[in-house]
1. Can you name every residue in segment 1-58 that is of a type in the set (Gly, Ala, Ser) and touching a Leu at 6+ places or on another chain (Cβ under 7 Å)?
2. Please specify each residue of segment 19-51 satisfying the condition of being part of a helix (DSSP H, G or I), touching a helix residue (DSSP H, G or I) at 6+ places or on another chain (Cβ under 8 Å) and either of a type in the set (D, E, K, R) or over 15 Å from GLN70 (Cα atoms) (or both).
3. How many residues are more than 19 Å from ALA43 (Cβ to Cβ) and without any contact (Cβ under 8 Å) to a residue 12 or more places away in the chain when one looks only at segment 163-176?
4. Here is a list of conditions, (1) over 20 Å from LEU56 (Cβ atoms); (2) surrounded by 15 or more Cβ atoms within 10 Å (Cβ to Cβ); (3) within 18 Å of the chain's Cα centre (by Cα), and SER219 meets all of them except one; can you say which number that is?
5. Which numbered condition trips up VAL191, out of (1) touching a residue at least 40 places away in the same chain (Cβ under 8 Å); (2) more than 18 Å from the chain's Cα centre (by Cα)?
6. Could you check how many residues of segment 194-213 are closer than 9 Å to VAL62 by Cα and not in a loop (DSSP other than H, G, I, E, B)?
7. Taking segment 170-193 on its own, how many of its residues are charged (D, E, K, R) and part of a helix (DSSP H, G or I)?
8. If I filter segment 106-114 for residues that are at pLDDT 90 or above and either over 16 Å from ILE44 (Cα atoms) or of a type in the set (D, E, K, R) (or both), do I get at least one hit?
Amino acid sequence: MPANLDWDLWLGPAAKRPYDPAYVPFKWRGWWDFGCGAVGDMAIHLADPAFWGLELGGKVRVESKGPPPQSESAPTWMETTFAFGPRGDRGPVTLHWYEGEAQPPAAIAAEIPMNGSLFVGEKGRIAIAHDGHPKLLPEDRFQDFVAPAPSLPDSPGHHAQWIAACKTGSRTGSDFSYAAPFTETVLLGNVAYRAGLAIDYDPSTGRVTNDEAANGWLSKEYRSGWEVA
């Protein structure tokens, strides 16, 4: 065990077990006791433009498929469909998520990098590489497009934002009012996968409404001393 690692503290709410390098420093995210698989690791990055730009949220139907679920670890691949209904004057939106060995249709895979997102519209598409700039497709149709002026100030970086918020109470670019319901939604992909059925979720109650047993996957047992009040 690394000398600078407090193993009991690192385990937190998870059940006690011996230290193993299979968990730290990186692979913890693939174990259900510590992480949420790829959708919990990367969807909060790659799906952010869709959730933010399209103001996704509210009641949602979620369906996932992958290899047979394992009790200890997340799948090597998973495909999830999030179906959002109308939101005010905005129409319904379907969001598709592919992780691990899962691949989108060939026509879509050819237009986005391995880590990225693609908006599919009636008149064109927008491809966004992870940590990259949006690209309008097909490029020849939008070669004369002039982007609007930036509407947000440049970020000093998320570490600097967080430290400033701690010191001054300033708001970060992705505070809990946005990040919490966003994260809650994408993690429903794991709930649908582990429950083995399409689920209907109502965030106003925090419950799956079409299958009571699926609500059992919304939380887990916390180790003594780490319970959530």
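The values are calculated or read from the model by the stated rules, or taken from the named source; none is laboratory data. In this text the structure is predicted, and so the values were computed from the model without any measurement. Every residue, glycine among them, receives a Cβ derived from its backbone with ideal geometry; neighbour counts consider all protein chains shown.
1. GLY40, ALA47, ALA50
2. Within segment 19-51, ARG29, VAL39, GLY40, ASP41, ALA43, ILE44, ASP48, PHE51 qualify.
3. Qualifying residue count, segment 163-176: 9.
4. The failed condition is (2).
5. Among (1) touching a residue at least 40 places away in the same chain (Cβ under 8 Å); (2) more than 18 Å from the chain's Cα centre (by Cα), the lone unmet condition for VAL191 is (2).
6. 3
7. Selection size over segment 170-193: 1.
8. Within segment 106-114, not a single residue is at pLDDT 90 or above and either over 16 Å from ILE44 (Cα atoms) or of a type in the set (D, E, K, R) (or both).
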